[in-house]
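For reference, the structure discussed in these notes is given below.
The values are calculated or read from the model by the stated rules, or taken from the named source; none is laboratory data. Bear in mind the structure is a predicted one, so any value in this text is a computation, not a measurement. As a convention, Cβ positions derive from the backbone with ideal geometry for all residues, glycine included, and neighbour counts pool all protein chains shown. Please note that ligands, DNA and RNA were not included when accessible areas were found on the heavy atoms of the full protein model with its side chains. Shrake-Rupley method; radii C 1.70, N 1.55, O 1.52, S 1.80 Å.
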Amino acid sequence: MAVAEVARGDNSSSHILRSSSLTLDTSLSLPDLTPPLIELCKDLFKKWSELDDSSFSVETVSGGITNLLLKVSVKEEDGNEVSVTVRLYGPNTDYVINRERELQAIKYLSAAGFGAKLLGVFQNGMVQSFINARTLIPQDMREPKLAAEIAKQLHKFHQVDIPGSKEPQLWNDIFRFYENASILHFDDVEKQKKYETILFKEVYNEVVEIKELTDLLNAPVVFAHNDLLSGNLMLNDDEEKLYIIDFEYGSYSYRGYDIGNHFNEYGGYDCDYSLYPSKDEQYHFFRHYLQPDKPHEVSDKDLEAIFIEANTYMLVSHLFWALWALIQARMSPIDFDYLGYFFLRYNEFKRQKEKACSLARSYLSGRESW
């Protein structure tokens, strides 16, 4: 709401961000959610306030493990049909998401052509323009033509300047997650037993060790998406236009983290890490990321540097989402095995650690001798 007020103070009417004090109950079924959703749209968009409720239709676009996305179609008085997307934040997601940071970023990313346009905010969500495209699935991301396009778009995304502090937030977020995750208590006895098997001192030492190693890489700091999974990529097949959406985890971070995290997402929600991209697939991505116009002119030295970055920060991505999952396990009402997800991510971190760290150390010792 505070961000909306700042936007409201802008003299240009095109920058006015509509806001409503309404809250929608995310636990309702779609039929029960529809009337309050229509009320919200009428409250936000005055030109719809007199329309009959029958002029509105609502459908689910997707239900992720943190958000619910709904499409609202409206038949206006002149017979025109327009659609908007309503994003409902999952309950208690403020424990893991900085909403003020997200709304600040959306304004600038939208102006740079990324994602949907922000039209309005309400107490537990936002309304955006509707993107006519399909959501990708994990298999799509490894298709060479699409991988190249994702890399090009990510290159552009990383060029966007978001005003404010340019300090990377990654480790602040991870240490904050660790502090919150290490003092949880579950009413469910089985969950509590499972939780008590976690050796938090070991987890903390792993975090510190990986931080010390990645700091030596001096990876470029960019405004990163930080959650570039298939569900946050949309494609209009007819126009062959790719959209990067959903910036709720966006912050200044390290280039290698954003890419390593994206590569982890080749495994999808099933966490099938046998699908992690091969070195050849990664180099194809890096070439189009580093020099979108002349991918074949990228030097071997630059390819090696970004390869080491991405595959060391890939480990950090596992730690980030493992700790995130513990907080969600306690706070989220969504029916998802977040505790199980912690163990999937943390065990994969341990499985990959030795190989990725020794690669990074050998690269760093070679670099020192140049």
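General remarks:
- Within the stretch 37-62, the set of residues being hydroxyl-bearing (Ser, Thr, Tyr) and touching a Leu at 6+ places or on another chain (Cβ under 7 Å) comprises 60, 62.
- Unique residue being outside any loop (DSSP other than H, G, I, E, B) and surrounded by fewer than 21 Cβ atoms within 10 Å (Cβ to Cβ) when the list is 323, 303, 315: 303
- Among (1) open to solvent by less than 40 Å² (accessible area, probe 1.4 Å); (2) in contact (Cβ under 8 Å) with a residue 40 or more places away in the chain; (3) not β-branched (Val, Ile, Thr) - the single one residue 101 does not satisfy: (1)
- Within the stretch 349-366, being of a type in the set (Phe, Trp, Tyr), open to solvent by 10 Å² or more (accessible area, probe 1.4 Å) and within 19 Å of residue 320 (Cβ to Cβ) holds for no residue.
- Checked against the criterion of being in contact with a helix residue (DSSP H, G or I) (Cβ under 7 Å, 6 or more places away or on another chain), of a type in the set (Phe, Trp, Tyr) and free of Cβ contacts under 8 Å to residues at least 60 places away in the same chain, the candidates 273, 346, 283 yield just one match: 283.
- Residue count, the stretch 248-265 (criterion: part of a helix (DSSP H, G or I), in contact with an Asp or Glu (Cβ under 7 Å, 6 or more places away or on another chain) and either small (Gly, Ala, Ser) or at pLDDT below 95 (or both)): 1
- Among the candidates 67, 92, the residue that is touching a residue at least 60 places away in the same chain (Cβ under 8 Å) and open to solvent by less than 50 Å² (accessible area, probe 1.4 Å) is uniquely 67.
- Only a single criterion out of (1) open to solvent by 40 Å² or more (accessible area, probe 1.4 Å); (2) at pLDDT below 95 is not satisfied by residue 57, namely (2).
- Residue in the stretch 69-87 that is outside any strand (DSSP E or B), at pLDDT below 75 and over 14 Å from the mean Cα position of the chain (by Cα) present: no
- Only one of 257, 252 that is on the phi < 0 side of the Ramachandran plot and open to solvent by 10 Å² or more (accessible area, probe 1.4 Å): 252
- Any hit, the stretch 184-199, residues being touching a Ser or Thr at 6+ places or on another chain (Cβ under 9 Å), at pLDDT 95 or above and not acidic (Asp, Glu): yes
- Considered as a group, the residues in the stretch 109-138 that are under 18 Å from residue 17 (Cα atoms) and part of a helix (DSSP H, G or I) include one that is modelled with the highest pLDDT, and that residue is 109.
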